[in-house]
Each structure stands twice: as C-alpha cells, then as structure tokens.
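Below is one structure, written out as structure tokens; comments come after it.
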Amino acid sequence: MRFGRITLTPAVVVALLACAAPASARHGAEGPLVIGHRGAAGYLPDHTLRGYALAIKLGADYVEPDLISTKDGELIARHDPNISDDTNVSEHPEFASRMRTMMIDGTEEEGWFASDFTLQEIKTLRAVQPFAERPQQFNGQFQIPTFQEVIDLVKRESKRRHRPIGIYPQTEYPTFHRDLGLPLERKLATALNRAGLGRRHSPVFIQSFEPSSLKQLNRMTNVRLVQLIDANDVNPDGSLDYAGRDGRPYDWTVSGDPSLTSRTFGFFATNAGLNEIATYADGIGPWKRYIVSTEAVDSNHDGTVGDENSDGLIDEADRRLLPPTSLIRRAHRRGLFVHTWTFRDESRRLAADYDGDPINEYLQFFRLGIDAVFSDFTDTAVEARRSFAHDGG
Ligand SMILES: [Ca+2]
Ligand SMILES: [Ca+2]
Ligand SMILES: [Ca+2]
C-alpha cells in the first residue's frame, strides 16, 4: 500500500485531512530524515498549518517553517518578505495602497511586503499556491501561521502520533530584517526555549543562508545549526552559476570585507569552507546540484543541445547526471551532517537518468549517504526510504 504520487489527488488530500487515524506508520530513526519542505508544498499552499499537518500525516520527521517578520515583530511562516505570490493580498482592496517597491538583498522588488503589515492584518490574508502546475483549489482557504502556531501544532501531533516530530525553522533574509529593526534570531531562540525546545538534542534544526545569522544563534541557543549553500543556477556543463543575489550570502555582500565579497557560496563546498562552517554549525544544507549535478548534452544526437526528449520543452528532463561529487564524504569527515534540497515529483524537474520516477532520485542520494532530504512530496520520500531499507541500500 502506498500513497502513490499519482493517486494522491486533491480529493484524496481532502479525505486525508479529514481522517483522524494516522495514515502512515512510524518508520523509525533508520535511514535519512524526511523534511516536509514548506509543509506539503506539492499538495497544499506553502507554509500553512494544514500543509504541515499533511506532511506529518504522510510521515515527515520534520516540518520546515521559513520565518519572516511582521511590522509588529511577530515571526510568521512564509518564504519571502514579498507576499504577493503566496497570499491573496492583491485581492484585498483595503491593502491596495500598501503595494510598493522595496530593496530585497540588493534587488528591487514590487509588491506587498509582510513588514508593512501587523500580525492582525496578516491574519486576514489567506495562502495561495505559487506553483501554477500544482493544485490551485485550496487557494484562499488557509491562514498564514505564526511560528508559535507551528510549534503548537507539532507538539500536538507528536503527542497524538506517539512519535517525535521535529521543527526545521529557517531565518529568511536575516540582514534585511535586521536593517528594518526586526531581527529574527532572538525571537526564534526565545520561542524555542519557551517551548522547551532549546536543547542540543531537541528535535530542532535551525537553517540559514547567512552565516552571521547562524553565528548569532550559536550564542543564543544550543540547538543544531545548518549552513545552507545556494547557487543561482547550473551551467550547461554542470558547473554551478553564482550570478546574482543567490550566488553569495547577502551578509558577505554587505560586509565591506574583500575577503568575503570576493567569495561565492562555492567556497562553502571547499575543504576550507567546510572547516569554517564546523566552527559555528553542525551540518550543511547544500542545493542538491552540489552533490549530483547535471549537464546539457546532445543525447538524442540531432546535432543540437536542447529539447532532447522532444516534448517541446527544455528543462531538467533533457539533462543528464554527472558523477557525484565528494561533498558528502568530505563533510562527514569533518563531523558535519548533510541535508539537501529540494526533491520534487514533477517529471520536468527530474534529470533524464531518473526515467521520470522521483524514487530513483531519492535512492541515488540515499546510497550516497545523505542524512536528510527536503521534499515537497513527503509520501514519495517516505516510500523511497522504505524501498531503500527493504533493499538494504
Ligand atoms: Ca526554506
Ligand atoms: Ca539534441
Ligand atoms: Ca524536453
């Protein structure tokens, strides 16, 4: 029996949400952890209590709230300060005048920003699915949760299901928030401590792209910390592209220190970078292309590189896997765990070698020794882990 990624239709999701019995057995601590990325992002709008609850029901070990701040300093779960695409704020005429441009990590953005809204105002909005190809019928139904509401849900679900469910919060845009006078770190550490989740082996990992945010947290809390490692894109030859604001932690960009402004995220994947991370964090969270990259090649031998599977689109499904890097091994040698992202079921997001089956991608990373995966489709990740355990790796 499985919650197949084909059969988990929106109607089934609704039925699952209404069902009180745990739908998934406990899979134990064996095998890599499964982190419900933004909740159950493949099925329900990102960062909603329903989304987190569904991920837990499908077997997630951890759920992932990204944290930003409201104008009145409340931590809420959202991916970006710009809430134009993942809420229905544009449909609220009373907030029309709040639309504006704002500099986000050196890039001018237009829209509505959470830091212009009080929590009370945020609570009048509803979440929207930002991916056009994913279910849209839940748009406008679910509130934006506070971090405290996420903690309360996870505690409730842990108790009800007799298994520890963890929280994997991310400080989003920490420098941006600090510059606004709305720093995230102290509030995050305080909320965790208050919930009895501030110990070294509490079921919590805190992640950030900005090392300065993690270094602050390292002085405020004992929970495990994770240095995220981003890149802008992957080049045709499989090397990583560090252009734009995703190429470097923003705190390095604004540091004024030439030894930092000359670096990219790629530094973190070097031995020197890993050594540095080990001084303030416990693990790394690299984009999966740091571990297994892909290249664009003429695999259908028609003399051009592009739409190799002739489906009229050029995407991941046209690219081939490159041999894995040594990153997991080098991180483990330094005592750092490796949690990677993001695993998604859609065939256009899967390299050609996986034959359109997301299970194959998970299995490759499991065999490489990954410690955890962030997945938009918890059920697929859990199924892959079961198959991995069954086949003895
Ligand atoms: Ca995140
Ligand atoms: Ca070709
Ligand atoms: Ca194609």
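Just so it is clear, none of the values below were taken in a lab; they were calculated from the coordinates. What you see is a predicted model, and the numbers here were worked out from it, not measured in a lab. Here Cβ is always computed from backbone atoms with ideal geometry, including for glycine, and neighbour counts include all displayed protein chains.
Key figures for this structure:
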quantity	calculated
The chain: DSSP helices with Cα axial extent of at least 15 Å and average Kyte-Doolittle hydropathy no lower than -1.0	378-390
Dipole in debye (nearest 20) - region 78-128, about Cα centre, beta carbon charges: Lys, Arg +1; Asp, Glu -1	260 debye
Charge dipole of region 187-342 about the Cα centre (unit charges at C-beta), most positive-ward option of N300, L197, P286	L197
Rg over Rh, two decimals, region 235-328 (C-alpha only, Kirkwood Rh)	1.08
Whole-Hz ³J(HN,Hα) from phi, Karplus 6.51 cos²θ - 1.76 cosθ + 1.60, for region 128-134, glycine and proline x	10, 6, x, 8, 4, 7, 9
Rg/Rh for the chain, where both radii come from Cα atoms and Rh is the Kirkwood radius	0.95
Amide hydrogen neighbours beyond the local backbone of M99, cut-off 5 Å, H modeled	none
Residues whose placed amide H lies under 5 Å from that of Q170, excluding near-sequence neighbours	D66, L67, Q207
HN-Hα J in Hz across region 106-119 - Karplus 6.51, -1.76, 1.60, θ = phi - 60°, x for Gly and Pro	x, 10, 7, 10, 10, x, 10, 10, 4, 6, 9, 10, 6, 4
R100 versus R348: modelled label distance in nm, points set 7 Å from Cα along the beta carbon direction	3.6 nm
Sequence-separation-based contact order of the chain, relative, with Cα cut under 8 Å and 6+ spacing, percent	16 percent
Pairs from K71/K159; K123/K155; K123/K159; K71/K288; K159/K288 whose Cα-Cα separation, in the structure shown, is over 31 Å	K71/K159; K71/K288; K159/K288
In order through region 298-303: 3J(HN,Hα) via Karplus (6.51 cos²θ - 1.76 cosθ + 1.60), integer Hz, x for Gly, Pro	7, 6, 9, 6, 9, x
Check: region 132-221 dipole with +1 on Lys, Arg Cβ and -1 on Asp, Glu Cβ, in debye	600 debye
Long-range HN-HN contacts of F138 with modeled amide H, under 5 Å	none
Which of H390, Y43, A269, positive extreme of dipole for the chain (C-beta unit charges)	H390
Along each principal axis, Cα extent of region 321-380, largest first, Å	35, 24, 14
Charged-residue dipole, Cβ positions (Lys, Arg, Asp, Glu), the chain about Cα centre, Debye nearest 20	2320 debye
Selected from H162, N232, L260, residue furthest toward positive end of dipole (the chain; charges at beta carbon)	H162
Segment V254-T325, length gained on full extension (0.36 nm per residue, minus Cα span)	22.5 nm
Relative packing of 333-344, 95-106, which averages over residues the other C-beta atoms within 10 Å, highest first	333-344, 95-106
For region 65-198, Kirkwood radius (reciprocal of mean inverse C-alpha pair distance, Å)	15.8 Å
Considering only region 263-393, percent of DSSP beta bridges that pair antiparallel, nearest 5	25 percent
Value of Rg to Rh for region 288-365 (Rh from inverse mean 1/r over Cα pairs, i.e. Kirkwood)	1.04
